[in-house]
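Participant: Below are the structure tokens for one structure; questions will follow.
We did not get these values from a lab; they are worked out from the coordinates using the rules stated. Everything numeric in this text was worked out from a predicted model, so none of it was measured. Note: ideal-geometry Cβ built from the backbone for every residue, glycine included; neighbour counts use all protein chains shown.
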Amino acid sequence: MIEDIKKDAADRMQKSVAALTNAMAKIRAGRAHTSLLDHVMVPYYGSDVPLSQVANVGIEDARTLIVTPWEKPMLSVVEKAIMTSDLGVNPNSAGMTIRIPIPPLTEERRRDLVKVAKAEAENARIAVRNIRRDANSTLKELLKEKEISEDEERGAEETIQKLTDSGIKQIEDVLTAKEADLMEV
């Protein structure tokens with residue numbers, strides 16, 4: 001029973017760290033990366049679908065993404081969807097491909113992105129601490145119902161605290177790496 005609580009807490013904490021890593025990948029660092037376009041939705045036969053379902057997305061060079069729609073009529077639709085997204089990029093179409101130059105970031109924009117990264121990291125830390133609180137309250141309920149002893153509860157709480165510390169350290173490592181990436185010119 002205690003092992004299940006520990007395992008559940010560890011799994012949920014790892015998912016929080018993975019979600020943070022995913023969120024950090026979407027924060028643009030001035031280099032071309034296909035995940036920048038993951039959230040772009042394109043109208044396709046009456047419904048909005050992710051860009052990756054109507055076109056190939058690739059990297060031409062360090063500062064250029066290349067998008068190739070699968071159908072010729074989709075070229076202008078895809079270009080418009082990229083233009084109206086919140087990326088602040090200006091796609092150029094040539095033939096059946098769309099080139100998206102990624103502009104270099106200004107110092108001010110870099111600092112803003114670092115603030116966004118710190119906010120994401122703080123949300124992840126809060127999530128990890130909430131998981132710890134849930135696990136500890138479950139242990140307290142088990143103690144109250146006399147299903148576990150006080151020593152077992154104390155030992156389990158210490159283990160959960162170690163898991164929490166480990167999760168927060170992983171979050172700090174992800175944040176530090178992203179800050180270095182963002183501030184690199």
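Participant: Would the range 130-141 turn up any residue that is out of contact with any Ser or Thr (no Cβ under 7 Å at 6 or more places or on another chain), within 17 Å of GLU3 (Cβ to Cβ), part of a helix (DSSP H, G or I) and free of Cβ contacts under 8 Å to residues at least 12 places away in the same chain?
Facilitator: Yes, the range 130-141 has at least one match.
Participant: Further, regarding this structure: Scan the range 61-88 residue by residue and report those that are in a helix (DSSP H, G or I) and among the hydrophobic types (A, V, I, L, M, F, W, C).
Facilitator: MET74, LEU75, VAL77, VAL78, ALA81, ILE82, MET83 - these are the residues of the range 61-88 that are in a helix (DSSP H, G or I) and among the hydrophobic types (A, V, I, L, M, F, W, C).
Participant: Given the criteria exposed (fewer than 13 other Cβ atoms within 10 Å of the Cβ) and over 23 Å from VAL114 (Cβ atoms), does LYS72 qualify?
Facilitator: In short, yes.
Participant: Another question about this same structure. Considering every residue within the range 41-50, establish whether at least one is surrounded by 15 or more Cβ atoms within 10 Å (Cβ to Cβ), farther than 30 Å from ASN130 by Cα, among the aromatic types (Phe, Trp, Tyr) and free of Cβ contacts under 8 Å to residues at least 60 places away in the same chain.
Facilitator: yes
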